[in-house]
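Inspection log for the structure reproduced underneath, given as structure tokens.
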Amino acid sequence: MKTASPFLEIDADAARVTVRLDGADLSLPAGANLAAALLAAGVPVFRHTPVSGAPRGPFCMMGACFDCLVEVDGVTRQACLLTVEEGLEIVRAGPATAESADAS
Amino acid sequence: MQADLVVIGAGPAGMAAAATATEAGLSVVILDEQARAGGQIYRDVTRSAARRGDILGQDYSAGLPLAAGLEQPSITHVTRATVWQIAPDGAVAYSVDGRGAIVHGRRVLLATGALERPMPVPGWTLPGVMTAGAGQILIKESGVVAGRAVLAGSGPLLYLIAAQMVRAGTPPLALVETQSRRDTVAALRHLGGALRGWRYLVKGLSMLAEIRRAGVPRYTAASDIAVAGTDRAEALSFVAGGKRHRIACETVFLHHGVVPNMQAARSLDIPHRWNAAQACFVPETDPWGRTEIPNVFIAGDGAGIGGAKAAEQAGRLAALEAARDLDRISADARDRAAAPVRAALRGELAVRPFLDRAYPPYAAALQPADATVVCRCEEVTAGDIRGYAALGCKGPNQTKAFGRPGMGPCQGRYCGLTVVSILAAETGQGMDETGYYRVRPPLKPVTLGELAAMEETPAEDPAVMAADGR
Ligand code: FES
């Protein structure tokens, strides 16, 4: 699952835990900001828009833009306001399923 | 839950206000969306100052004493709290981990800070394009730094993040600035104030020297900025010095200033006025941060952009007036305590007119080309907004009858100012006349489950997920 990331981790010393992203295992630093951890793991696209299906990733990192929406354990939430925990089930809205993941 | 003062936001204004209010004998509840105190400027300072203080710099570590000031028995710091409704009588509804609750404040202080000024350029919705503030938050909170990034826009924050990236060992590929020599010359008129705020100038120059020593290419007076890419950012293109440039990259950090985060104040119908020098709407407050709603105060960047140090002082002033208002201190005691705070505030603000003039917003992002998306949530373009204006649409609330700008989950936070600017230009009205979105609770999406978990259900329809222009 891990691909070359455009982001580097300065102090990558945190213990890592396994989460599931779209059904595949992914190892992320425990207690990290979920959006930051996904970016650092080489995941640039967090969702596709319900309107045109365009890909989106985190934009503001402060809970204001809602471009980081992912489904976590069945609830659509802002990844930049969440913390990495063992076993999180993360599902991204694909272009086809975008409608069902629209937060409204 | 009840408190003398409910503070919304644990950034510099909120933290300083909470500590000052406590000293004056008030009980304080401070609600903040993050897991730890600091706001965005001091994001995660209690953990990161020790680990990355050398990269982030002394100004960042200056948040430590403020965060420590919250560690008092009479201050309840509610973390991970998303505030979604504020009533004029001081009832504040919020959720933590999907559970709703209400706290009643005899006075309420909105310390919700700033947002990045929206910078709609072609391609700004692509993954890999973020605000410069987001880039900083990644470094501060997570120690995550972009490897191949270009910074574009204007303002001292660009120098700060560039310098921090240099110190982290991953200098940006380029610094693409939009301000011109003419702006610098015009700013010299405000040199007097700038010299009184000389510390900021010295810092700016030393950061620029650091960036230059690292060999980061710097362009100024850039125009025609666009992000290229299909599924993600692949390059930044722009014109500078009469030539078109294209810099391949993986990350683009955009920034052309910050503006007050108006959502909470707008939801209370607190009047705002257009501030031409700062190119943003600013809520009407008195010198203590009081609004026209007797119980509600605003302090910090949310009341007008002054930066972290100014926000801290403004928070103290609001807390002193709240304590006077609740008869914990006399007007004399308030004024005595406020005098040095006001002097410090004036000192912090002295440099602002210079900075505002030297680093104006990128003009092409205030009036974007027709094809550029302005509302990220509903993917409404600048051309769409111009089309609405041609059909007779005069204000931003009316646009909602034509399309859906401002009706997505961000509730206009990243399109409002652009939509108003475009409409004002098309209709020839002023910004105040054109107005702004009417913001209605819930301020953030809230689920039925969160409401059900609460004992007191607010009257608003929980199904209304966004500002709906009623
Ligand atoms: S990145 Fe903007 S809300 Fe999460």
(Q) Among A:Asn33, A:Gly57, A:Thr76, whose Cα projects farthest towards the positive end of the dipole of region A:16-94, with charges put on the beta-carbon of Lys, Arg (+1) and Asp, Glu (-1)? (A) A:Gly57
**Q.** Whole-number D in µm²/s for the protein assembly as shown (Stokes-Einstein; Kirkwood sum over Cα pairs; 4 °C, 1.567 mPa s)
**A.** 54 µm²/s
Q. Per residue of A:30-37, how many C-beta atoms from partner chains lie within 10 Å of its own C-beta, taken as a mean?
A. 4
Q. Rounded to the nearest 20 Debye, what is the dipole magnitude of the protein assembly as shown about its Cα centre when Lys and Arg each give +1 and Asp and Glu each give -1 at the C-beta?
A. 1980 debye
**Q.** Residues with amide H under 5 Å from that of A:Ala93, placed H, sequence gap 5 or more
**A.** A:His48, A:Glu71
(Q) With θ taken as phi - 60° and the coefficients 6.51, -1.76 and 1.60, list the Karplus ³J(HN,Hα) couplings across region B:349-354 in order, rounded to whole Hz; mark glycine and proline as x. (A) 7, 4, 7, 4, x, 5
**Q.** Interface burial for A against B (accessible surface, 1.4 Å probe, total of both chains, Å², rounded to 100)
**A.** 3500 Å²
Q | Size of electric dipole in chain B: Cβ of Lys, Arg +1 and of Asp, Glu -1, about Cα centre, debye, nearest 20 | A | 1620 debye
Q: Go through region A:50-58 residue by residue and turn each phi into a ³J(HN,Hα) via Karplus (6.51, -1.76, 1.60, θ = phi - 60°); whole Hz please, and just put x for glycine and proline.
A: x, 7, 10, x, 5, x, 9, x, x
Q) Of all accessible surface on region B:367-434 at a 1.4 Å probe, what whole percent is carbon and sulfur? A) 51 percent
Q. Amide H neighbours of B:Ala174 under 5 Å, counting only residues 5+ apart in sequence or on other chains, H built in-plane at 1.01 Å?
A. B:Leu151
**Q.** Gap separating the Cα centres of region A:27-97 and region B:183-205, nearest whole Å
**A.** 41 Å
Q: Pop out the ³J(HN,Hα) list for region B:10-25 in order, Karplus 6.51 cos²θ - 1.76 cosθ + 1.60 with θ = phi - 60°, rounded to Hz; leave Gly and Pro as x.
A: 10, x, x, 5, x, 5, 5, 5, 4, 5, 5, 4, 5, 4, 7, x
Q. In square angstrom, what is the accessible area per residue of the protein assembly as shown with a 1.4 angstrom probe?
A. 38 Å²
(Q) Quick check on packing: order B:28-39, A:72-83 by the mean number of other C-beta atoms within 10 Å, highest mean leading. (A) B:28-39, A:72-83
(Q) Over all directions, the average projected area of the alpha-carbon convex hull for region B:367-434 comes to how many nm²? (A) 3.7 nm²
**Q.** Relative contact order (%) - chain A, alpha-carbon pairs under 8 angstrom, separation at least six
**A.** 30 percent
Q: Please name whichever of B:Val145, B:Thr112, B:Tyr388 sits farthest to the positive end of the charge dipole of chain B, dipole taken about the Cα centre and charges placed at Cβ: Lys and Arg +1, Asp and Glu -1.
A: B:Val145
**Q.** Built amide H within the under 5 Å cut-off of A:Ala32, gap 5+
**A.** A:Val84
Q) Semi-axes of the equivalent ellipsoid of region A:16-94: what are they in whole Å, largest first, if each equals the square root of 5 times a C-alpha gyration tensor eigenvalue? A) 19, 13, 11
Q) Between B:Ala401 and B:Ser206, what FRET efficiency comes out of the Förster formula 1/(1 + (r/R0)^6) with R0 = 45 Å and r the beta carbon distance, rounded to 0.05? A) 0.30
Q. What area, in nm² and to one decimal, does the C-alpha convex hull of region B:311-470 cast on average over all directions?
A. 13.7 nm²
Q. So what is the diffusion coefficient of chain B in µm² per second by Stokes-Einstein at 10 °C and 1.306 mPa s, using a Kirkwood Rh over Cα pairs?
A. 69 µm²/s
Q | Among B:Leu157, B:Pro217, B:Trp198 - extreme Cα towards positive end, dipole of region B:119-278, charges at beta-carbon | A | B:Trp198
**Q.** Fraction of accessible area attributable to carbon and sulfur, region B:1-112 (%, probe 1.4 Å)
**A.** 49 percent
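For region B:81-237, with only Lys/Arg (+1) and Asp/Glu (-1) charged at the beta-carbon, what is the dipole magnitude about the Cα centre, in debye rounded to 20?
Computed about the Cα centre, the dipole is about 700 debye.
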**Q.** Highest average packing first - B:398-407, B:376-385, Cβ atoms within 10 Å
**A.** B:376-385, B:398-407
Q. Can you give the average number of partner chain beta-carbon atoms within 10 Å of each beta-carbon in peptide A:48-60, as a whole number?
A. 6
Q: Could you state how much accessible area B:His272 has, in square angstrom rounded to the nearest 10, with a 1.4 Å probe and all protein chains kept in place?
A: 30 Å²
Q: Partner chain Cβ atoms within 10 Å, averaged over the residues of B:441-450 - can you pull that number for me?
A: 2
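The values are calculated or read from the model by the stated rules, or taken from the named source; none is laboratory data. Computed from a predicted model, the values in this text were never measured in an experiment. Methodologically, a virtual Cβ is constructed for each residue, glycine included, from the backbone with ideal geometry; neighbour enumeration extends over all protein chains shown. Ligands, DNA and RNA are stripped out before the accessible areas are found, and what is left, the full protein with its side chains, is counted by its heavy atoms. Shrake-Rupley method; radii C 1.70, N 1.55, O 1.52, S 1.80 Å.
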